[in-house]
Every structure is written in structure tokens, then in C-alpha cells.
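Just passing along the structure, written as C-alpha cells.
The values are calculated or read from the model by the stated rules, or taken from the named source; none is laboratory data. Small disclaimer: the values here were computed from a predicted structure and weren't measured. Ideal geometry is used to build each Cβ from the backbone, glycine not excepted, and the neighbour counts take in all protein chains shown.
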Protein chains: 2
Amino acid sequence: MEVLKGAAVTAAIKEQVQGMMEGLEGQPPKLAIVRVGERPDDLSYERGAMKRMEAFGLRAQSYAFPEEINGEDFKEAFAAINRDPDVTGILLLKPLPPQIPEREIEAIIDPAKDLDGISPVNMAKVFAGEADGFAPCTAEAVVEVLKAYGIPISGKRAVIVGRSLVVGRPLAMLLLKENATVTVCHTRTKNLEEECRRAEILVAAAGRAKMLGASHVGEQAVVIDVGINVDEDGKLCGDVDFASIDGRAAMATPVPGGVGAVTTAVLAKHLAQAAKRSRGL
Amino acid sequence: MEVLKGAAVTAAIKEQVQGMMEGLEGQPPKLAIVRVGERPDDLSYERGAMKRMEAFGLRAQSYAFPEEINGEDFKEAFAAINRDPDVTGILLLKPLPPQIPEREIEAIIDPAKDLDGISPVNMAKVFAGEADGFAPCTAEAVVEVLKAYGIPISGKRAVIVGRSLVVGRPLAMLLLKENATVTVCHTRTKNLEEECRRAEILVAAAGRAKMLGASHVGEQAVVIDVGINVDEDGKLCGDVDFASIDGRAAMATPVPGGVGAVTTAVLAKHLAQAAKRSRGL
């Protein structure tokens, strides 16, 4: 089984981003990472994103707010970041605590700065298959992995396990646009094993540690694992039991070191795109 | 094979709409049908919609513009209809001629009056599975037919042939919300027959006369035909060769007299919903 490492994909995206930055004058584009509270997942993702921006020659700044912040105060602060002409793009770490009206924030965010595609305008663009918006980075990272490794998508049977608004559903739209025949499975799917075994491209995006194993994987399938979970030993693992599918799948992404790393590279690419679009390029 | 006629579904929706109208004071809600040019399809749909609104005790008015209207003039006229407080909801017949920037019109339309779900806000709501927007009427009509006939959706394998923005993709979202396992097929799908035969619920929304026949239909499948085409003899027909699937499918909608009739009933329901929401009910 060929292991599809994220690093090679990330390196290719870095080159693209550097190409996009050529001729862009002034300060490098700046990413604002907006975080409420101190969830370990958020902190870890933030650290990864900060490092990636730096490595790509881009700026990043974290805007952190206390967990208990008043909803109105947060809205005001968020609106100010959103308006700041020095901020090229925004990543809002979610979920937000309950006192903050998430929908209102998503409606406030400038679609041109909405790098993770949470605004209705960008959601509609992903749904409509338009290329001038921003798709959620994780969903797009899956397509980047497939393309970077030259895996054909058109006409292939792609099965996505998970129907979330950040991965499953937008990815279904992105893969349809690439002409895959797309099936979306979820907790209510009957005979999940059979559905998954039919996949030529199987994407695990359910958020449950090692829930897919050899019995879910068809021979010669390409398996893309979006899950980031912690197993019983406290170690990072994906939604796929990686060891069990070796010898069955043709190719698979590991966790860690697979799609996760690519997600922040896509974020950087979106930041560069936002910078170019804001200058009318 | 049980024939799933639209009339029974329409009658049930009529009752719902009348229930919704009880206690609504003043003039009945008004539908504005906006048409550019005189395409026979549009005229026929317009006539059907006008009749349906009348039968349901709702108002409807057609706003027709010449095929050659200047894009700016149309935008202005459309904005005035959109602003008119007497207009409760709008149906814009599409496609528009090339000189009219369709995207701009979709961005202008008040999401609260956008009964056929063409605005980015409503598209995003359908994508996100939120119930307070408007889905495209034809996509929703499919779900109404299934529900009216008591056909279980949860956990079923639903296969949709066609990935259009008015039927295939929004319907995929609506069926996912009902917990179906959803597959979307299209022109680039390999082995369409095999994919379709696996369907417990098969939806034909490709827009090609009689393209699906007995070899596409699994035993005991429920077949919903969204197509409205004209066959070689000039007669109305669906995307399914209806005669050929008799004895194979468990149930199927005919064309005409199936989903088509339900679409205008859903439009009427959306009009009543728009009226209630505009009054804060």
C-alpha cells in the first residue's frame, strides 16, 4: 500500500503560493486567527497554522478572547478585525461558546476574507460549483491530495463517510465538480461496509477513531482519512484503522502526516488568493 | 406497479396551505411571476402556477418583459417588484437571456421573497440543512411525494440522476437531511445502470427523454421522475420510460401528472410561508 504523505502535497502548494505572491507589493498578506477560549484542539491547530504561514512567507496573528466573553462584545471585536484593512483573511476557530450567536458571526464575515468558507455567500458558491469563493479548507485539502498524487477522480465512485458542513457536504460538491459519482454515508446508513467497499475513492470524515477497517475497503481503493482523533492509548489516530487496511487498499493517507498538514497549506493558498483578489488580480 | 399520482399530494398540500392561511388578515399573499420573453415552457409553467394560486385562494400576477430588454432596465424593474410591499413572493423564470446578469439578480432578490431558492442565502440554508429558507420547489416536491405516500426515506439508498442546481444538488441535501444514503450520478458516471439498480429510491432528474428504463430499475424500487420532455411523437414524457418499468418498480410517478403538478403546490406553500414569516408568525 502506497502511503500518501501530506508533506509532498504541502510542498507543491507552497510553490503555488510563492508563485502567486510574485509581484505582490507591500507587506505579505496577513491571516487573523480568531479564537475564543483555550481548547487544546484549537491551540494545536492555531500553532500549526501560524507555523505554516511563516514557512510560506505570510503573516499571521492570533486574536484570542476569553471563553466567557459577552456575545455583543465579541461581535463588536470580530467586526473590527473583519474591517481592518491590514487583515487579508480570517480563520475563526469553531465551535464558539453558546453565548455567541455563531450564525450572526458567519453572516458578518466579509466573504472576500472568509478563508474557511463559513459565510452563506461562500457556501452558496461551493454548492453552485463556482470557483471564485472559498471552500472549507479541509474539504479542499482532500481534493488537493488526490490531484497532487495524480489520482483520477472523473467517473470514479467516491464514497464519503460523514455529512458535516465542514467536510462531508462541501467535499461532495467539490468531488461532483470533478465528475466523480458521489455517495454520502452517515450514521443512519444501512450496511456501511458494503457501501464503502464499492468506493474507488473512500473518504473517512466521520470523526470517530478507527471506525473504518479492512472490511470497509475495496481492493485497490484509495483511502483518504480526514479524521483527527485520540485512541485508547492517547495517541493521534484517524477514522481509519490504518494498520488493518495495509495490503488491501492501493493507497492511503496516514494520521498524523496526511490530510491534516495539507489543510493549513490550503489555508495559506486561500490567504494568497484573498490578497490577489483584493488587489483586483 | 403503483402509480404515484401528483394530484393526491397536491390535495394534501392544499389543506396545509389553507390551514396556514387561517387567521391571516388582509389580502391573500401575492405571487409575482417574473418572465423575460415568451418561451413556451415558461408560458406553460406560468399558466399552471397562476391556476394553482387561484385554486389555493392566493393571488398571482405575471410581470412579463420583452426578450430584448436592456440588462440595466430589467434590473431596475426587478428591484421595484422585489421592493413592492404588496408582493409576498417571487418566482423568476429562468434561464434569462444573456444580456441580463443572472447572478446579480439572484443577489438582489430578497431571501424572504425568494420562493424558488435562487438567492445565495437560501442556497446556503439548503446546504446547511436549515428549515427557515426556501429550497427549489422541484427538489422539495420530490420529498413531498415520498412523504405523502408514506415512503420511508431514512436509511434508504437514494440515487439521483442529475446534478443540476435546481434539482439534483439541492435534492441531495434534502434527502441527506431525511437520513437517506445519497448517491448523485450524472453524464460522467460509469455504469449508470448498475448504480441506478442499487437504488431503493431512484430520482430521475437528468432532463433527457426516457433515458432510464427497466435495466436501470431495481426490483421493488420507488421511481420518482422529475423530467419534463417531449418525445419523438411530440408527446410529454419524463426521463423514465414509464411503460418499460411496469412490473419491475414497486411504485413510480407518471409524466405528466406526477411531480410536475406538485411543484406549483410547493410554490403555493412557500408563498403562504413567506406571508406568515413576513408577519412574524
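Return only the number of the condition from (1) in contact (Cβ under 8 Å) with a residue 40 or more places away in the chain; (2) among the β-branched types (Val, Ile, Thr); (3) touching a Lys or Arg at 6+ places or on another chain (Cβ under 8 Å) that residue B:145 does not satisfy.
Residue B:145 satisfies every listed condition except (3).
If the requirement is being of a type outside the set (Lys, Arg), out of contact with any strand residue (DSSP E or B) (no Cβ under 9 Å at 6 or more places or on another chain) and over 23 Å from residue A:230 (Cβ atoms), which of these qualifies: A:71, A:48, A:89?
A:71
Another question, then. I'd like to know if segment B:195-202 contains one or more residues that are in a helix (DSSP H, G or I), in contact (Cβ under 8 Å) with a residue 24 or more places away in the chain, touching a strand residue (DSSP E or B) at 6+ places or on another chain (Cβ under 7 Å) and acidic (Asp, Glu).
So far as segment B:195-202 goes, yes, one or more of its residues are in a helix (DSSP H, G or I), in contact (Cβ under 8 Å) with a residue 24 or more places away in the chain, touching a strand residue (DSSP E or B) at 6+ places or on another chain (Cβ under 7 Å) and acidic (Asp, Glu).
Also: When you scan segment A:92-102, do you find a residue that is among the β-branched types (Val, Ile, Thr), at pLDDT 95 or above and within 15 Å of residue A:166 (Cβ to Cβ), even just one? Walk me through how you get there before you give the answer.
Start the filter on segment A:92-102 by keeping residues that are among the β-branched types (Val, Ile, Thr), which leaves A:100.
Keeping just the survivors that are at pLDDT 95 or above gives A:100.
Checking which are within 15 Å of residue A:166 (Cβ to Cβ) leaves us with none.
Scanning segment A:92-102, I find no residue that is among the β-branched types (Val, Ile, Thr), at pLDDT 95 or above and within 15 Å of residue A:166 (Cβ to Cβ), so the answer is no.
Taking the options B:113, B:75, name whichever one is closer than 19 Å to residue B:64 by Cβ and surrounded by fewer than 18 Cβ atoms within 10 Å (Cβ to Cβ).
Exactly one of B:113, B:75 is closer than 19 Å to residue B:64 by Cβ and surrounded by fewer than 18 Cβ atoms within 10 Å (Cβ to Cβ), namely B:75.
Within segment B:100-122, track down each residue that is in contact (Cβ under 8 Å) with a residue 24 or more places away in the chain and either under 16 Å from the mean Cα position of the chain (by Cα) or under 24 Å from residue B:265 (Cβ atoms) (or both).
Looking only at segment B:100-122, we keep the residues that are in contact (Cβ under 8 Å) with a residue 24 or more places away in the chain, and these are B:100-101, B:104-105, B:108-110, B:112-118.
Residues satisfying the conditions are B:109, B:110, B:112, B:113, B:114, B:115, B:116, B:117, B:118.
It is to be established whether one or more residues within segment A:5-25 are closer than 22 Å to residue A:264 by Cβ and in contact with a strand residue (DSSP E or B) (Cβ under 9 Å, 6 or more places away or on another chain).
Checked against the condition, which is being closer than 22 Å to residue A:264 by Cβ and in contact with a strand residue (DSSP E or B) (Cβ under 9 Å, 6 or more places away or on another chain), segment A:5-25 yields no hits at all.
Right, next: Residue A:188 - would you say it is within 11 Å of chain B (Cβ to nearest Cβ), under 22 Å from residue B:184 (Cα atoms) and free of Cβ contacts under 8 Å to residues at least 40 places away in the same chain?
yes
Got a number for residues in segment A:176-199 being buried (at least 17 other Cβ atoms within 10 Å of the Cβ) and out of contact with any Ser or Thr (no Cβ under 9 Å at 6 or more places or on another chain)?
2
For segment A:1-94, which fully contained strands (runs of 3 or more DSSP E) count at least 3 residues that are touching a residue at least 60 places away in the same chain (Cβ under 8 Å) and at negative phi?
It comes to A:30-36.
Go over the candidates A:96, A:43 one by one and state the one that is crowded, with 17+ Cβ neighbours inside 10 Å and under 30 Å from residue A:203 (Cβ atoms).
A:96
Considering only residues of segment A:195-215 that are within 14 Å of chain B (Cβ to nearest Cβ) and over 23 Å from the mean Cα position of the chain (by Cα), which is nearest to residue A:157 (Cα to Cα)?
That would be A:198.
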